[in-house]
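Structure first, commentary second.
Just so you know, all these numbers are worked out from the coordinates, no wet-lab data involved. All of these numbers come straight from a predicted model, not from anything done at the bench. Cβ coordinates were reconstructed from backbone atoms using ideal geometry, including for glycine residues, and neighbour counts include every protein chain displayed.
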Amino acid sequence: MLLEDVFSLLLLIQFFHSIEELSTNFYERFPVFRMSFRFFLFFELIFSGFWIAVWFVHDFPFRIELMTFFTLLMFANGIWHIAWFLFCEKGKRYIPGLITAPFHVIVFSIFYFSSMYRLM
C-alpha cells in the first residue's frame, strides 16, 4: 500500500469521523476544554480543507512529509479515542468518535506492516 493510497483512505475515514464527532457533541465532551459547536465546526472545516488541498495539489510544498504527518496524526487520533474510552470511561460509556476511530488504527497498521514487509 502506497502512502498516497493510505492518505486518501485516512482522509475519507476522517471525513466520516468528523461527521460522527459533530453529530455526537464531541465539542462538549472533549476532556481538554469545552468549545462551542460553531468553533468546532470552523476548526473541522479549516482542518479538512487544508488536508484536501494537500490531497488535490500534487505540487503542494512538503506534500510527502505532510501526508506522512497526517497518517501518523490519524493513528494517534484513533489510539487517543480508544484509550479515552477504555481508561477514562472504563469501557462503559460511548465517547464521540469511537465508532470511526478504530479504522484509523487499522488502516495505519496495515500500511505500517505492509511497508515493513516490503523492506525485508
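Test of understanding: ordering LEU73, LEU10, LEU86 by Cβ neighbours within 10 Å, fewest first, what list do you get? List each step's numbers first, then the result.
Details: LEU73 16, LEU10 25, LEU86 11.
The order, fewest Cβ neighbours first, is LEU86, LEU73, LEU10.
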Quiz item: To the nearest 10 degrees, how steep is helix 3-23 against the longest Cα principal axis of the chain, on a 0 to 90 scale?
Solution: 10
Quiz item: Taking only Cα atoms, what is the 0 to 90° angle, nearest 10, from helix 37-56's long axis to the longest principal axis of the chain?
Solution: 10
Exercise. Mind sorting MET35, MET74, MET67, MET116 by how few other Cβ atoms lie within 10 Å of their own Cβ, fewest first?
Key: MET116, MET35, MET67, MET74
Quiz item: Do you know the relative contact order of the stretch 22-105, to the nearest whole percent, from alpha carbon pairs under 8 angstrom that are 6+ apart?
Solution: 29
Quiz item: Mind checking the angle between helix 101-119 and the chain's longest principal axis? C-alpha axes, 0 to 90 degrees, to the nearest 10.
Solution: 20
Quiz item: So for the pair PHE39, SER115, with labels modelled 7 Å out along Cα→Cβ, what separation do we get in nm?
Solution: 3.4
Quiz item: Given charges of +1 on the Cβ of Lys and Arg and -1 on the Cβ of Asp and Glu, with all other atoms neutral, how large is the dipole of the chain about its Cα centre, in debye to the nearest 20?
Solution: 440
Exercise. Mind checking the full-extension length gain between ALA76 and VAL32? Use 0.36 nm per residue of separation minus the Cα-Cα distance, one decimal, nm.
Key: 14.3 nm
Practice problem: Take the eigenvalues of the Cα gyration tensor for the stretch 3-119, scale each by 5, and report the square roots as semi-axes in whole Å, largest first. | Solution: 26, 19, 10
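Of TYR27, TYR117, TYR112, TYR94, how do they rank once you tally other Cβ atoms within 10 Å and put the fewest first?
Result, fewest neighbours first: TYR117, TYR94, TYR112, TYR27.
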